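Peer 1: Could you have a look at this structure, given as structure tokens, before my questions?
Every read-out reported here was derived from the displayed coordinates using simple, explicitly stated rules and does not represent laboratory data. Since this is a predicted model, take the numbers as computed values, not measurements. As a convention, Cβ positions derive from the backbone with ideal geometry for all residues, glycine included, and neighbour counts pool all protein chains shown.
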Amino acid sequence: MADKEVRFVKRMIFTAILMFLSIAVTLAFGEVIVRLLAPQQVAAKWLTTHDRYGKFQKANYVCKHLNRKSGYTIEVKTNSSGLRDLEYDLSDQTAKRVLLIGDSFTFGWGLDKDKIFDTKLESLLNESLGKYYVINAGIPDWGTLQEIAYAKDHLELFRPDVIILTFCGNDIEGDRRYRRQQGQHFRGYLYFPGKMFLRRHSHLYRFVRDKVWITARDISNRYKGTKGKDSCEETFFDDQTGYSVTENEWKQTSEAIRQFHKEFLSFNPKGILLIQATAPWNQHIRFRLSSLGNAPNLLYVDLYEDTRDLSTCKRSLPYDGHWSEEMHIISARAL
């Protein structure tokens, strides 16, 4: 190789190394700045990927989870099934069983286990009606389709007498992502080696990801709003979650719930499906869910009268939009 070619190769290598170091230093500096000025929420380390449900929880996992906005720490403890719940004796035929399906509201995000509606409901039932197991299958960021899939897969295991589906306004967005990605839901649309490490440890990554996510959501909402006007399809905006939903998306999720109800009754003809909303004061969601049915075995549990006059600070935790303990108490009593 001629001297000129050798010098060229050396310059290219030197330039590549210099660029790599510059990028590394810039990212490291950005990480420090974000940690100092805008520290991000601690990652939910008990969550992991799942081929069928997109994401699930690690079994027999115990950790303390810090909310950086409030400084409040909750204990997260999962059982052998990966649920944030007790280890029930499922061979016990003397206990009635209630299966809760939902997302982070059912999981009890931001609160300790004794303050959420599954614990309070079980206590109320055992005090007044006899022995009940209230099984909490709430997984953060799940949509309705994932919740239904899990319930159907575990009917034989849990053999529920009652199933309670807690609907959140972003569940339909979760359904949209789940249909597109199926088992890749937790990995997201763009996956690369090291992504999961960055999700758990890098404040800079989570800061940029959230900004991009909010921008993408806003663009999607504007697009759907424009599309709805052009096609005469109604589009509804959910204040609680910041998502917009089209009429067609509502129909798809509603049909999925109705079909699940039929399958549940095929398994247990005496079974009851109850549905409640995380934003019961939202009149559109209230109308949609109550229209699914109001029979003894399919009932919308309407929390509107109990919650309409509550201030935002009484409805939600002071550090995010999830239910306050007062809301969990209202839900348990209504159920």
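Peer 1: ³J(HN,Hα) across segment 113-118 via Karplus (A = 6.51, B = -1.76, C = 1.60, θ = phi - 60°), whole Hz, x for Gly/Pro?
Peer 2: 4, 6, 9, 9, 5, 5
Peer 1: Counting Lys and Arg as +1 and Asp and Glu as -1, each charge on the Cβ, what is the dipole of segment 249-335 about the Cα centre in debye, to the nearest 20?
Peer 2: Approximately 280 debye in magnitude.
Peer 1: Continuing with the same structure: Going highest first, how would you order 296-305, 89-98 by mean Cβ packing within 10 Å? Let's see the in-between values first.
Peer 2: Details: 296-305: 15.8, 89-98: 12.4.
Highest to lowest by the protection proxy: 296-305, 89-98.
Peer 1: Which residue, Tyr88, Val98, Asn60, has the largest displacement toward the positive end of the dipole of segment 58-173 when charges sit on each Cβ (Lys, Arg +1; Asp, Glu -1)?
Peer 2: Asn60
Peer 1: Where does each of 201-209, 145-153 land if you order them by average Cβ count within 10 Å, highest first? Working shown, then result.
Peer 2: Details: 201-209: 18.1, 145-153: 20.6.
Ranking the peptides 201-209, 145-153 by packing returns 145-153, 201-209.
Peer 1: Amide H to amide H, which residues 5 or more places from Phe167 or on other chains are under 5 Å from it, using H placed in the peptide plane?
Peer 2: For Phe167, whose amide H was placed from the backbone, the distant partners under 5 Å are Gln276, Ala277, Thr278.
Peer 1: If packing is taken as the average count of other Cβ atoms within 10 Å, what order do 20-26, 275-281, 173-179, 105-111 fall into, highest mean first?
Peer 2: 105-111, 275-281, 173-179, 20-26
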